[in-house]
1. Within region 558-601, track down each residue that is of a type in the set (Gly, Ala, Ser) and farther than 14 Å from residue 527 by Cα.
2. So, of the residues in region 192-250 that are of a type in the set (Phe, Trp, Tyr) and surrounded by 15 or more Cβ atoms within 10 Å (Cβ to Cβ), which turns out to be farthest from the chain's Cα centre (by Cα)?
3. Looking only at region 114-145, count every residue that is closer than 26 Å to residue 64 by Cα, of a type outside the set (Phe, Trp, Tyr) and either in contact with a Cys (Cβ under 8 Å, 6 or more places away or on another chain) or assigned to a loop (DSSP other than H, G, I, E, B) (or both) and tell me the total.
4. So which of 157, 175 ends up being assigned to a helix (DSSP H, G or I), surrounded by 15 or more Cβ atoms within 10 Å (Cβ to Cβ) and among the polar types (S, T, N, Q)?
5. Go through region 446-462 and count every residue that is more than 29 Å from the chain's Cα centre (by Cα) and closer than 16 Å to residue 397 by Cβ.
6. Might you let me know whether region 470-482 holds any residue that is part of a strand (DSSP E or B), at pLDDT 95 or above and touching a strand residue (DSSP E or B) at 6+ places or on another chain (Cβ under 9 Å)?
7. Select the strands (runs of 3 or more DSSP E) contained entirely in region 647-702, then report the ones holding at least 3 residues which are crowded, with 16+ Cβ neighbours inside 10 Å.
8. Picking from 322, 306, which residue would you name as being modelled with pLDDT under 80, of a type in the set (Ser, Thr, Tyr) and out of contact with any Phe, Trp or Tyr (no Cβ under 6 Å at 6 or more places or on another chain)?
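The values are calculated or read from the model by the stated rules, or taken from the named source; none is laboratory data. This one's a predicted model, so the numbers in the text were calculated from it and none came from an experiment. Positions of Cβ are backbone-derived with ideal geometry, glycine not excepted, and every protein chain shown enters the neighbour counts.
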Amino acid sequence: MVGSGKTTLAKAVYNHKQVRYNFVGHAWVYVSYPWKRNKIWEDICYGLGIFGVKDSKYSDEELAKKLYKFLKDNKCIVVLDDIRTVEVWDSIKPAFPVNCETQSLSKILITSSNWELSAHAARVGYLYDMKMLTYKQSINILRNIAFSETDSGEQYSAKKKLAVEILGYCCRLPSAIVVMGGILATKRSTEEWEMLLNHVKSNLSSISLPAILALAYDDLPYHLKPCFLYLSQFPEGYMISIGKLIQLWVAEGILSNDKGESIEDIAESYIIELAKRCMVQVGEGEVNMKFKTCYLHDVYRDLCLSKASQEEFALIPENPFSLPYMMVSRRVRRVAMHEYIPIQSLRNLKLTSLLFFNKLYPEEPSISISLQETAEIYLREDKRWISRLWILFKLMWRFRRILNYLFNNFKLLRILDLEGAEIYMEGEFLRDIGKLIRLRYLSLKGTTCFSKLSRSIGNLKRLQTLDLRMNEEFPVQIPNVICKMEMLMYLYLPMVCDSKTKLRLNTLRNLRTLENFNSKNCYVEDLGCMTNLMELGITRFFCRDDCEVNSGSNPPVIIASEHLRSLSVSRPENIDFNLLAYLILTCVHVSELSLTCSIGEFLPACQFPDQITFMSLSETELRTDPMPTLGKLPNLKILELQKAAFIGEEFHCSTEGFPELYSLKLSSISTVKHWIVDKSSMPKLRHLDIIDCKSLEMLPVGLMFITTLEELKIELMPKAFKDRLCEGDQFNKIKHVVIFQNCY
């Protein structure tokens, strides 16, 4: 049954300490629809660490054999969440050793609302039929969501009495209770609870989950309804970047700024309010306690799709081949492409938003080869591969016709997101994009361009977001026209630009985010004009010479913005240490700092802003232990030391160091053998990740004194390390927080 708590129970099993300890490999895969067999297998392989994202060039047969052998040889647990049909299970089953003569130690756990599938799959396993919640379980769920810690004894008793009656309308379904709890959580007084109960009594003619979901939507404040409906455009199971979502909301004009708050703060408050109502789920990975992703639970997604269709808010085309043309309702202004749909089939010329989550060409055997590989052949002018090049030319011609149709027929577009379209093009394919003068949001992320972008992009003077993070293996020349887009708030430059690119950005005074800035393709002095800049990402080149700084003088003030909160520097070559030190020292309001560059020596603590709460170091190749310096930063809450951040053999966390540290991640620090943690160090540490630190011999004894530790994840570590840890005398003190992940 939908909403009976299958996924919640599966997560409880998957994350149980005993399961994490006894299985060496763990993978959780949500089976989204429409499903693809090789995508499911690939996701399992990523989760088990069999290969990385860039190493997945295998045929279906090779992938199945590789996964089958791995699961047979290792003790792994794989969860497949929300398989809906027998067809899906039978299609992916060949990669699992469920019928082999030699009993496999690996376990496959599937969740499904389809009884036929459950019975079919249970022939080679065990079937657990979900039970209805007891009264005690129901009231506990509602109490955790809806009751306030500030409720007085009398108010608590009154609410509990009302809660018992409200629970009667929830059919003892976990999802229904969570939904009702989300509504009640926004109502503080007993009178409001009583009003809701009376409303439920008079309006719910039938007690059902859909009826309760509809009540949750109706209870939303006016300003939150379009924010919720907007989520209907994203595919099932899609992890939505909150940063991108905010930019789309801004482009749509959904956010109002009446109280003088920043747009980002308003948007985040909306997301938090939806999360409190349990209408969106926020993802894990958080920086400075701010969530980076969100997604819709499948129960709420059904409601979201239903309401979006009912109110003609957005359209997700499903089968374009059933009709010669899709006569999209003239009231619908937004279309999201989840499947290959011929763009020429869209006939509503008043669309204002077009999002692509799938390729602009069909999955045909004739184009099943890697387009990336064919594109590389095109650049090499390799005459031996004429047949492959013909396929690429054929597709590029198709792309050209598609883009021409799009640019000439949808002139009211405010949002055009081509990130999922996988387009290969010459720069002149975009020569008509300048006709879309109402565009507020344009993303070419992930597309491939073989030449200079068309100058007509400079006509898009109303743009607020421009994302040019195209395929970095093909450097693209950007014309010097971005300075015309004075309304730009979010600008993402390509990771790699052609050497002829040189951009003036001094007119972009509204810019809040600038990524992939470098001093070779841009002018450093232009940063001084961006007085509203909040996030800056410097990539590749950032040289003293480009800053026009003489060796005997101090650098000028590089960044004038007093709003800068996030700074990242990433480059493959060494960076001028003094220039970097001055850059960090002058960014006095920065709270997030990421360095991915070789610096050799570390800055003293006094040169870091006191406000820093998040720091990430990668490939810095520090020769001296950075822990004594980092431990002196008074507000540091999250610290990540990753690949080659330190090339010494010992970490030492001193007494009273890291007074506010909440989360610590050590990843791919291959040289560290010993780690010392003094008593009273890291007194507030709650999360510790140790990933792929192959030389580390043992956990520090000092960790045993950190009573706040809630989770210690050990991932991709040698089995010998795991065995030493488990056999140690102190393991009993921490085993309740340890999670092992893929320790082979």
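1. 566, 568, 570, 581, 591, 594, 598, 600 - these are the residues of region 558-601 that are of a type in the set (Gly, Ala, Ser) and farther than 14 Å from residue 527 by Cα.
2. Our first condition is that a residue be of a type in the set (Phe, Trp, Tyr); within region 192-250, this holds for 193, 217, 222, 228, 230, 234, 238, 249.
Subsequent filtering for residues that are surrounded by 15 or more Cβ atoms within 10 Å (Cβ to Cβ) retains 193, 217, 228, 230, 234, 238, 249.
Numbers: 193: 36, 217: 26, 228: 18, 230: 17, 234: 13, 238: 9, 249: 17 Å.
This residue is 193.
3. Summing the residues that are closer than 26 Å to residue 64 by Cα, of a type outside the set (Phe, Trp, Tyr) and either in contact with a Cys (Cβ under 8 Å, 6 or more places away or on another chain) or assigned to a loop (DSSP other than H, G, I, E, B) (or both) in region 114-145 gives 3.
4. Numbers: 157 fails: surrounded by 15 or more Cβ atoms within 10 Å (Cβ to Cβ).
Just a single option satisfies the conditions, and that option is 175.
5. 1
6. Going through region 470-482, the residues part of a strand (DSSP E or B) turn out to be 476.
Checking which are at pLDDT 95 or above leaves us with none.
No, because not a single residue in region 470-482 is part of a strand (DSSP E or B), at pLDDT 95 or above and touching a strand residue (DSSP E or B) at 6+ places or on another chain (Cβ under 9 Å).
7. On the way: elements: 650-653, 663-667, 674-677, 687-691.
Because the criterion is at least 3 residues that are crowded, with 16+ Cβ neighbours inside 10 Å, the strands (runs of 3 or more DSSP E) in region 647-702 that meet it are 650-653, 663-667, 687-691.
8. Values: 306 fails: modelled with pLDDT under 80.
Only one candidate passes the filter, namely 322.
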